[in-house]
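A quick write-up on the structure given underneath.
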Amino acid sequence: MRAKELTAEFGIAGVLDFIETEHGLVKAAISLGGIAGELYLQGAQVTAWRLPGERPVLFTSPKAVFVPGKAIRGGIPIVFPWFGPHRHAPTAPQHGFARTAPWHLDGVETAGAERLTLTLSLGNGDAGRQFWPEPFRAIYSVTFARALSLRLTVQNRATHPITFEEALHCYFAISDVTSVAISGLAGTTYVDKIQASRRKPQTAALVTVGAETDRVYLDTPTRCVIEDRGWRRRVVIKKNGAASTVVWNPWAEKGAAMADLGDPAWRGMVCVETGNIADDEVRLAARGEHQMSTVISVDAGT
Ligand code: TA6
């Protein structure tokens, strides 16, 4: 559906509008009593969520590219049905096909002046059959409010079990990557992607970033916090139905070399992702359904 048709069907004057970008992507622009949001139908990708009087919570790269079929650098890409490179198909796109596929907008709900939910879906008829021929349906609901709530439901439409990985690959805006610390991961084990995927214990109470960091934490608690000393705020991430947490920053060399990121933009982001990855991948029974959700909120730091 084009932006005009979506606005006619789902638009709410002054609250929800659909805009077509110069390259033909369609985005939803949300304005709720000072809360601002943005979501692209390609990948059902949230690219902005902002509270009144607050700095942006999500990071979208100043060099992000917004063209059909290309992943958008920032916001919350949906990783599905595999994380990272495909294990058996080297030509398959990194992080699966969901983030570059056109999702359908199925519904819009409002509750009061400060809450709006978009529900979108993707099916095996839409994308990915080449690398993952499973009959599935994914339903994604995004609630923009004083907290940002995300819920990904995957339905197995097959008469056999399926296995998949998934992640909500959240890019958080921060004062500086050297000024943040992440709590809530102590005592877990992580796969260190920088060191040949060696498994290591997270012994320190806080995770800090002082070099390229790319870690998949396994079997993590339901709550973690990004403490930003520079902006004196805490971003709280709660999750359900998701056992893994990924922490990523490319650091200077890789960050500068990324055409859609660059220097110094890499300093202003950290990814803290909610998902089911590696050992935590989902095995879903025939005709079964799996749900993963996360709620992001902001509170004043110390
Ligand atoms: O989530 C961390 C990670 O898997 C890193 O390895 C890095 O590649 C990042 O994702 C970004 O991936 P992308 O395909 O968006 O460039």
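Run the quick spin-label model on residue 206 and residue 114: label points 7 Å from Cα toward the beta carbon, then report their separation in nm to one decimal.
3.0 nm
Only Lys, Arg, Asp and Glu count, each charged at its Cβ (+1, +1, -1, -1), so figure out the dipole size of the chain about its Cα centre, rounded to 20 debye. Don't jump to the answer; show the numbers that get you there.
Details: 32 positive and 30 negative charges, 76 e Å.
With only Lys, Arg, Asp and Glu charged at Cβ, the dipole is about 360 debye.
Excluding residue 248 itself, calculate the net charge of residues whose Cβ lies under 11 Å from the Cβ of residue 248, where each Lys or Arg counts +1 and each Asp or Glu counts -1. The partial results should precede the final answer.
Values: positive: 193, 215, 254; negative: 212, 214, 273.
Result for the local shell: 0.
Taking the highest mean first, how do the peptides 89-95, 198-204, 58-64, 249-255 order by number of other beta carbon atoms within 10 angstrom per residue? Write out the running numbers ahead of the final one.
Working: 89-95: 13.6, 198-204: 11.3, 58-64: 18.7, 249-255: 16.7.
My ranking of the peptides, most packed first, is 58-64, 249-255, 89-95, 198-204.
On full extension of the chain, what length is gained from residue 91 through residue 159, given 0.36 nm per residue of separation minus the C-alpha to C-alpha distance?
Working: separation 68, 0.36 × 68 = 24.48 nm, distance 2.80 nm.
Result: 21.7 nm gained on full extension.
Tell me, what is the FRET efficiency for residue 130 and residue 36 to the nearest 0.05, using R0 = 35 angstrom and their Cβ-Cβ distance as r? Could you put the intermediate results ahead of the total?
On the way: r = 37 Å, r/R0 = 1.06.
For residue 130 and residue 36, the calculated efficiency is 0.40.
Once you place label points 7 Å from the Cα toward the Cβ at residue 279 and residue 192, how far apart are they in nm?
1.7 nm
Can you tell me the length gained on complete extension of the stretch residue 5 to residue 67, counting 0.36 nm per residue apart and subtracting the Cα distance? Each step should come with its number before you reach the end.
Working: separation 62, 0.36 × 62 = 22.32 nm, distance 2.03 nm.
That pair, residue 5 and residue 67, stretches by 20.3 nm at full extension.
Would you mind telling me the share, in percent, of accessible area of segment 58-171 contributed by carbon and sulfur at probe 1.4 angstrom? Don't skip to the end; give the middle numbers.
Values: 2320 of 4550 Å².
With neighbouring chains kept in place, the figure for segment 58-171 is 51 percent.
Per residue, how large is the accessible surface of segment 219-302? Use a 1.4 angstrom probe and give square angstrom. Numbers along the way, then the final one.
Numbers: 3630 Å² over 84 residues.
Ligands and nucleic acids excluded, the figure is 43 Å² per residue.
Please list, in order along segment 83-97, the HN-Hα scalar couplings obtained from phi with the Karplus expression 6.51 cos²θ - 1.76 cosθ + 1.60 (θ = phi - 60°), rounded to whole Hz, x for Gly and Pro.
Here the 3J(HN,Hα) series is 9, x, x, 5, 5, 10, 10, x, 8, 6, x, 4, 6, x, 10 Hz.
Roughly how many percent of the accessible protein surface of segment 246-294 is carbon and sulfur, given a 1.4 Å probe and a whole-percent answer?
Values: 970 of 1960 Å².
Whole-percent figure for carbon plus sulfur exposure: 49.
Ignoring everything except DSSP H segments at least 4 long, calculate the 222 nm mean residue ellipticity for the chain; use -39,500 (n - 2.57) per segment, divide by total residues, nearest 500. Let's see the in-between values first.
Values: 2 runs with 15 residues, N = 302.
Taking each H run of at least 4 residues, the total per residue is -1500 deg cm²/dmol.
Order the following by accessible area, largest value first: 22, 9. Probe radius 1.4 Å; ligands, DNA and RNA are ignored. Spell out each step's value before the answer.
Working: 22 170, 9 110 Å².
Heavy-atom accessible area, descending, gives 22, 9.
How much accessible area per residue does segment 14-163 have, in Å², with a 1.4 Å probe?
On the way: 6160 Å² over 150 residues.
Here the per-residue accessible area is 41 Å².
The values are calculated or read from the model by the stated rules, or taken from the named source; none is laboratory data. What you see is a predicted model, and the numbers here were worked out from it, not measured in a lab. Cβ sites come from the backbone with ideal geometry, for glycine too, and all protein chains shown count toward neighbours. Surface areas here come from the heavy atoms of the whole protein model, side chains and all, with no ligands, DNA or RNA. Shrake-Rupley method; radii C 1.70, N 1.55, O 1.52, S 1.80 Å.
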